[in-house]
Amino acid sequence: MDPFARAHAGFCAAFGTEPVGTVFAPGRVNLIGEHVDYNDGLVLPMPLAVGTAVAYGPADNAAVEVVALDFDQARDRFVPHAVAPHGPADWRSYVRGMACGAPGGVRLAIAGSIPRGSGLSSSASLCVAVGRALALARGEAEPAPRAIALAAQRAEHEWAGVRCGIMDQMAVAAGQDGHALLIDCRTLDTRQVPLPQGWAVLVVQSGVVRGLVDGHYNARRADCEAAAQALGVVSLRDVDAARLATARLDPQIARRAAHVVSEIARVETAVAALEGGDLAALGAVLRASHASLRDLFEVSVPPVDRLVDVLNAAIGKQGGARMTGGGFGGAVVAVMAATEVERVRSALEANYQPPDGSALSSMIERASGTAAGMHA
Ligand code: GLA
């Protein structure tokens, strides 16, 4: 059953009444622009067919009552004006973060289809879906993408303790099927960039599961802030390769900054490649992005490197692959001609075994108007 139908059925079962409505927010895969959102950079994520559905209806009291269908029907119940963070951080932290301070009297049932720990933004998807459901349940209009993205980022910072950028929340709130979303993370201006007809995006699970709250992430962000401070700029968006070449930085800080500055430039090349239908040019920047994340930003892990190598060998020059998301496991993204997908998948089956012993799992996204598919 898809999450929409599960959320609806789960609401009926948990609360003994029909929901008023059900909303959905997708997950996202980032094509390129990794670890640059919190440096005011450019990013190019794409929404996925998988996501989070939330069925909503009124409660006859001042509380928010929630059932999480994917967590053994776990429940939460709180009054939004008096709610404290849930420790340790889990799905409740996000729901409480989105609901706090607003009127209660709402029931929610949540169901998702994003593989957990995959780096495909299950938390941003949860926050945006819950934010939409809460607004509609109170009879308000659905919040604008930018407003709900900022609220979702606040929930992540203040309720889950991850100092994430704004990419995931904007991608989830403003992404359109079959399009990548160019986001300028300094201004929050966005542009829809259609995926060319005949191209396919393959998202493959590495089988290394990321934790929900990631200490490495905040450490990388601190390195970038140290680099900006040493260079006397507000953020690394204000630095180019020439300025970096003459700077005297601690070697680790210099590596982090070199990744960020080169990755922002690669996003511009990737947008031109998508708009020009140039698969080879896109492939080249995907491979360069992975090498930079592995060697300079140091957020990859050996199984992910192996998976990327297998994909790049199978794809050849007409496309490419790289790690996607925060790193330390999760998913890998690859772009190729749609006609090549089955051949590449066969090469994967033959040459990559997920280290957790799970079966190889992947999903495909295509240009809008063509169906996306899941495969496990
Ligand atoms: C996580 C964060 C994002 C972004 C990516 C890395 O997904 O939530 O804000 O920083 O990592 O690009």
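The values are calculated or read from the model by the stated rules, or taken from the named source; none is laboratory data. Nothing here was measured: the structure is a model prediction, and the numbers come from that model. Don't worry about glycine lacking a Cβ; one is built from the backbone with ideal geometry, like all the others, and counts go over all protein chains shown. Heads up: the accessible areas ignore ligands, DNA and RNA and are worked out on the full protein's heavy atoms, side chains in. Shrake-Rupley method; radii C 1.70, N 1.55, O 1.52, S 1.80 Å.
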Worksheet entry | Hits in the range 101-130 (condition: open to solvent by 10 Å² or more (accessible area, probe 1.4 Å), more than 16 Å from the ligand (Cβ to nearest atom) and either in contact (Cβ under 8 Å) with a residue 24 or more places away in the chain or hydroxyl-bearing (S, T, Y) (or both)) | A102, P103, G104, G105, R107, I110, G112, S113
Discussion item. Of the conditions (1) open to solvent by less than 40 Å² (accessible area, probe 1.4 Å); (2) more than 16 Å from the ligand (Cβ to nearest atom); (3) more than 15 Å from the chain's Cα centre (by Cα), E140 satisfies every one except a single condition; which number is it?
Written reply: (1)
Worksheet entry | Residues (under 23 Å from V299 (Cβ atoms) and of a type in the set (G, A, S)) located in the range 188-242 | S206, G207, G211, G215, A219, A222, A226, A227, A228, A230, S235, A241
Discussion item. If I filter the range 301-314 for residues that are touching a residue at least 12 places away in the same chain (Cβ under 8 Å) and either among the aromatic types (F, W, Y) or within 21 Å of L181 (Cα to Cα) (or both), do I get at least one hit?
Written reply: no
Worksheet item: Taking the range 162-179 as the region of interest, how many residues are over 14 Å from the mean Cα position of the chain (by Cα) and open to solvent by less than 40 Å² (accessible area, probe 1.4 Å)?
Response: 2
Worksheet, complete the sentence: Of those in the range 317-371 that are open to solvent by 40 Å² or more (accessible area, probe 1.4 Å) and in a helix (DSSP H, G or I), the residue nearest to V299 (Cα to Cα) is N351
Worksheet item: Exactly one of (1) assigned to a loop (DSSP other than H, G, I, E, B); (2) within 30 Å of V234 (Cβ to Cβ) is unmet by H259. Its number?
Response: (1)
Item to complete: Could you tell me whether V23 is in a strand (DSSP E or B) and more than 16 Å from the ligand (Cβ to nearest atom)?
Response: yes
